[in-house]
Amino acid sequence: MANVRAKVEELKAIGYDGIYSFEASSDGFMPFVIAAEHTETQVLSTQVAVAFARNPLTLAYQANDLQMLSKGRFILGMGTQAKPNIEKRFSMPWGKPVTRMRDMVGAIRAIQHTWQTGEPLNYQGEYYRHTKMQPMFTPKRNPYGPPPLMLGAIGAPMTRAAGELADWFVVIPFCTDKFVRETTFPALQEGLEKGGRTWDDLKIAAQCMIATGSNEKSFAEALARTRYQIAFYGSTPIYAKALEAEGWGDLHPTLRQMTRENRWLEMGQLISDEICERFAVVGEPHEIGPKLVERFGDWVDRLSIMTTYQLDPDVASQIVCDVKALTATRGS
């Protein structure tokens, strides 16, 4: 939190149109209290907040406050996280994730509706029941309206639910172009049809890992950290299907066993160049922008770059400028 303002100023200078938080070793909402006050046009989004570590009312309060503070620039992005993290890290119950997420979305929207209209709150679902909202606890009507709701998923059932219910869907970074086109898009289509909606009713965001650097040393570090990140994702059961789609399903149990043996630092060595380039965009700084546009340019509404290393601001600026120039040329 101490360096949020400086980071925000850096991101603005680079030219980013939005800022997202990745909830890992700190809270995903807190940085936006500062970011909202020191940005004017950038969209702010949790990508994604751990929904099942919280309840609908606390999420609704946080989202409403940030929507007000940012003057309508906040997007509430949520995801489930994995069962072991929910139960063992957050000490929260698991249950049926798709049913629970549908319930979460319904409850949040019911709460927001009560705040906006003054109508009594009476939401009763399988997991969440909200039937009391006294005036003392009711925020003033938000002039910017409730923030859009974004869901992140990889499995087809949750992706279908997102297509049916969400304003935004975010493609997580551990996805390949093949997986998105053959698995994600069909599931979203099914969800849209179930909800009586069309593609005009859903916006798509995507996160993409990149590995690049301004010199040989920085590029080597970026590549090593990206390999590790891919291996970390690949060791998680819910992400195994993305490896399977590419014919690398046998890699998951090996990575899984390495986590049990606490061999975290060795995992990245199992990620070949081919695997790395399938899950991430890899190259010299001048190559990254064109590669991003080639991979995402015909279907994404908002693209987020993900790095687990310090990306040189000059390199980041070049990538942003290249992407904007190329998408402007395409008219997208």
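How many percent of DSSP beta bridges within the chain run antiparallel, rounded to 5? Once the DSSP bridges in the chain are tallied, antiparallel ones form about 5 percent.
Based only on the alpha carbon positions, what is the Kirkwood hydrodynamic radius of the stretch 230-283, in angstrom? Write out the running numbers ahead of the final one.
Values: mean 1/r = 0.0898 Å⁻¹.
Taking every pair of different Cα atoms in the stretch 230-283, averaging 1/r and inverting gives 11.1 Å.
As a test of the definition: which semi-axes, in Å, follow for the stretch 181-252 when you take the square root of five times each eigenvalue of its alpha carbon gyration tensor? Largest first, please.
Values: eigenvalues 207, 66, 14 Å².
Result for the stretch 181-252: semi-axes of 32, 18, 8 Å.
If I fit a long axis through the Cα atoms of helix 285-296 and take the longest principal axis of the Cα atoms of the chain, what angle between them do I get, 0 to 90°, rounded to 10? The helix 285-296 is inclined about 50 degrees to the chain.
Angle of helix 216-234 to the longest C-alpha principal axis of the chain, folded into 0 to 90 degrees and rounded to 10: 50°.
The calculated FRET efficiency for the pair K217 and F22, based on their C-beta separation and a Förster distance of 35 Å, comes to about 0.90. Look at the alpha carbon pairs under 8 Å that are at least 6 residues apart: their mean separation over the length of the stretch 106-161 gives a relative contact order of 27 percent. Computed over the alpha-carbon atoms, the stretch 165-319 gives an Rg to Rh ratio of 1.00, Rh here being the Kirkwood radius from the mean inverse distance. Can you flag which of K12/K88; K7/K241; K96/K194; K7/K71 are past 29 Å Cα-Cα? Too far apart for the 29 Å limit: K12/K88; K7/K241.
Counting every C-alpha pair in the stretch 66-190, the share spaced more than 25 angstrom apart comes to 35%. Per-residue ellipticity at 222 nm, computed for the chain from helices alone with -39500 (n - 2.57) per DSSP H run of at least four residues, works out to -13500 deg cm²/dmol. All Cα-Cα distances of the stretch 1-147, cut into 10 Å bins from zero to the largest, leave 11, 37, 33, 17, 2 percent in each bin in turn. Between M306 and C208, M209, I210, the built amide H atoms are under 5 Å apart, and every one of these is 5 or more places off in sequence or on another chain.
Most tightly packed first, judged by the mean number of other beta-carbon atoms within 10 Å of their residues, the peptides 262-268, 238-244 read 238-244, 262-268.
One quarter of the convex hull surface built on the alpha carbon atoms of the chain amounts to 17.4 nm², the projected area averaged over directions.
Rule-based calculations on the coordinates, nothing more; no lab input. Source: prediction; values computed, not measured. Neighbour counts are summed over all protein chains in view; Cβ atoms, including those assigned to glycine, are modelled from backbone coordinates with ideal geometry.
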